[in-house]
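A.B. asks: Mind having a look at this structure? Questions to follow.
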Amino acid sequence: MSISRPGDGDIIISQAHEWRLLLEDEATDDLRREFELWLGADERHASAYARAETLWDAFAVVDADRVRSSDSSSPARQRNWIQKVMENWRRPAILLPVASFAAVATLAVVTLITDLQLLSPAVPSQRYATDTGEVRVFILSDGSELTLGAASSIVVRMDEHSRNLIFERGAALFDVKPDPARPFSVAAGALTARALGTVFDVRLSAGVARVGVAEGSVEVNFAPDRSVAAVATEASQVLGAGEQIAASALIGMASAQPVAVDTIGAWRSGRLVYVAATVEEIVADARRHATYPIKLGPLDERTRRQRITASFDAHDVDSLVQTLPEIFPLTLEPGVPDGVYLRQRR
């Protein structure tokens, strides 16, 4: 793969991808007008935006109609308007800077917190784990079903009073057997999800913990270590079916977001679905499915803040990795040994 020096063309391509995501997430009248001005400011903008559309469609990167519940700002409802704008963009305009759609704090690795009150040494434990690219189903001692995603691990401790699980990394889906006398609790970093009888998944990558509910309800509590967290306040939410939250030490716990129920646990069939995810989280998941090393170099603040809603094929990590530099300001270089290196593009 040849490596080129970044220039105006790289900036325009990056802006085109940002516009596509902005129009998908928040296509307000003001934003539409700003997009039209950007589109008409340079003859290269229309072709760059068309390239961004083609790329995302070709790789099935974004499938927002299936990720989110349908709403008036979905890409399908915006496509006709965007096409009309691109066909009629020729008019005087000035080049406006692309608004950043990264309005949240950066994400950082969270130190896993072991809840000593929940996990008494006297209670026997069992650890379940999977290899790279492997998905396995386990039946726990209480009859609940545990599905572990690729390169994932979890510690389970159960007694007559409680069912406590410490999620170490990766992805897991829980089909919980109802037992009101024994609450079912899953700790993932500083986040704890508690349920009696429900189906939900938990993902922990690059310090970001996500919980999505497919059936029933789950109480989610977030209490970061005050010595490392930028957001010191504790938070609690109850999620119903078709809702998902994300939390990390630096941004705290976000508000619940609606998601299509069939996207929860979609990683079991090899589909990695994200709502407002960073490149760090996506690369961490890609490593769990890749047969070669993937290194992500230091990122600037703006790149770490950038978020996308996307769906990738876990069975085609090559395409995922090759697509990331088209979405984020990165370059893809050969790695050592026999891997790849995603480096910040300056």
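The values are calculated or read from the model by the stated rules, or taken from the named source; none is laboratory data. Keep in mind that this is a model prediction, so the values were computed, not measured. Cβ sites come from the backbone with ideal geometry, for glycine too, and all protein chains shown count toward neighbours. Just so you know, the surface numbers come from the protein's heavy atoms only, side chains and all, with ligands and any DNA or RNA stripped out. Shrake-Rupley method; radii C 1.70, N 1.55, O 1.52, S 1.80 Å.
A.B. asks: For region 268-346, what does the alpha-carbon gyration tensor say about shape, rounded, prolate or oblate, given a ≥ b ≥ c as the root eigenvalues, a/c under 1.5 as rounded, and a/b over b/c as prolate? Let's see the in-between values first.
C.D. replies: Values: a/c = 1.98, a/b = 1.07, b/c = 1.84.
Oblate, since a/c reaches 1.5 and b/c is not below a/b.
A.B. asks: Could you please state how large a percent of the accessible area of region 302-341 is carbon and sulfur, counting protein chains only and using a 1.4 Å probe?
C.D. replies: 49 percent
A.B. asks: Now, a different point. Ranked highest first by average number of other Cβ atoms within 10 Å, how do 125-133, 184-192, 145-153 line up?
C.D. replies: Working: 125-133: 14.0, 184-192: 24.7, 145-153: 20.3.
Averaged packing, sorted descending, gives the order 184-192, 145-153, 125-133.
A.B. asks: Oh, and also: Write down the accessible area per residue of region 205-346 in Å², having rolled a 1.4 Å probe over the full set of protein chains.
C.D. replies: Numbers: 5650 Å² over 142 residues.
Per-residue value: 40 Å².
A.B. asks: Enter the per residue convex hull volume of region 195-346, computed from alpha-carbon coordinates, in Å³ rounded to the nearest integer.
C.D. replies: So the per-residue hull volume is 120 Å³.
A.B. asks: Using r as the Cβ-Cβ distance of residue 346 and residue 142, and R0 as 35 Å, what FRET efficiency do you calculate, to the nearest 0.05? Walk me through the intermediate numbers first.
C.D. replies: Working: r = 53 Å, r/R0 = 1.52.
With R0 = 35 Å, the Cβ-Cβ based efficiency is 0.10.
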